[in-house]
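Notes for the one structure printed next.
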Amino acid sequence: MLKQRVLTALVLLPIAIGGFFLLEGAAFATFIGVVVSLGAWEWARLSGLVSQASRIGYAAVIALMLLICWQLPQLAFAILPVAVAWWIFAAVLVMTYPESANYWRANWRRLLIGIAILVPAWQGLMLLKQWPLNNWLILAVMLLVWVADIGAYFSGKAFGKRKLAPKVSPGKSWEGMIGGMIASLVLTLGVGLYRGWDANTLIKALIGASLVVLISVVGDLTESMFKRQVGLKDSSQLLPGHGGIMDRIDSLTAAVPLYAALLWWSGWGVM
């Protein structure tokens with residue numbers, strides 16, 4: 001398993017780096033669109049669609065929606081607030097699971113939720129790519145999420161006692177989440193000091209980083225909740241040793257829209 005994971009990572013890493021940071025314009029939109037569409041194919045399975053035809057059809061619908069968003073970029077500033085509202089509501093669903101499943105158990109509702117998860121993630125990345133610091137903004141949100149994940153893993157292993165959401169993901173603890181939060185805030189503080197931010201800017205950045213990390217945890221738990229409901233360990237086996245696309249991007253699907261929205265509302269994104 002370890003060898004398989006390493007080999008997959010060695011293949012995927014240059015593709016991901018090239019796609020995220022070297023591509024521009026329509027090529028970048030297409031690259032992210034392919035990733036999101038594969039995620040949609042997996043989400044269709046979590047939504048109860050069994051046949052390949054129906055799952056491919058759902059992925060095609062998501063791809064068409066992304067194309068519409070590309071043609072109508074002004075939709076971005078309506079999509080982001082809706083996405084933020086969805087993720088706040090998702091936090092409630094996670095906290096009240098399994099009772100909350102009564103509200104989203106129907107296949108069509110889960111398919112609609114997939115749209116709320118996937119389309120804003122693509123749209124958020126499109127905005128980040130268009131703003132002056134483009135690749136640095138994308139790298140920053142990824143680092144926030146990855147550092148939080150790493151910090152959560154090690155602090156959870158060392159100190160984890162109180163379960164964060166035992167009915168959704170028994171392995172996650174409050175201590176792990178706090179450790180991940182501290183790691184991401186240390187990263188943000190380091191960047192702020194390096195770039196010479198004043199106290200007001202630094203405080204805003206630390207608050208924003210905290211919110212992004214918190215919502216990334218919700219993204220992770222949300223996918224876990226849907227997988228638990230249908231009795232699946234991984235969203236697919238597209239990535240040998242790593243599970244599926246959604247298993248790798250679940251935190252980012254939540255973090256990216258909120259991150260983009262915070263930058264837009266604060267005016268940082270267009271500076």
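All of the numbers you see were taken from the coordinates with simple rules; none came from a lab. Owing to the predicted nature of the structure, the values given are computational and were not obtained by experimental measurement. Neighbour counts are summed over all protein chains in view; Cβ atoms, including those assigned to glycine, are modelled from backbone coordinates with ideal geometry.
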Checklist entry - Which whole-number percent gives the relative contact order of the chain, counting Cα pairs below 8 Å spaced six or more residues apart? => result 25 percent
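Applying 1/(1 + (r/R0)^6) with R0 = 22 Å to the Cβ-Cβ distance of LEU143 and VAL92, what FRET efficiency is obtained, to the nearest 0.05?
Details: r = 28 Å, r/R0 = 1.28.
The value I calculate is 0.20.
What is the ratio of the Cα radius of gyration of the chain to 2.2 N^0.38 Å, where N is its residue count, to two decimals?
Values: Rg = 18.1 Å, N = 271, 2.2 N^0.38 = 18.5 Å.
The chain yields a ratio of 0.98.
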Next on the checklist: Using DSSP H assignments, which helices in the chain have an axial alpha-carbon span of 20 Å or above and a mean Kyte-Doolittle hydropathy of 1.0 or higher?
Outcome noted: 2-21, 25-46, 52-71, 76-95, 134-159, 174-195, 199-230
Checklist entry - Using the per-residue mean of other Cβ atoms lying within 10 Å as a proxy for protection, in what order, highest first, do the peptides 247-260, 70-83 fall? => result 247-260, 70-83
Checklist entry - So between ALA101 and LEU12, what do we pick up on full extension, going 0.36 nm a residue minus the alpha carbon distance? => result 28.6 nm
Checklist entry - Which value, to two decimals, describes the C-alpha radius of gyration of region 92-179 once divided by 2.2 N^0.38 Å? => result 1.40
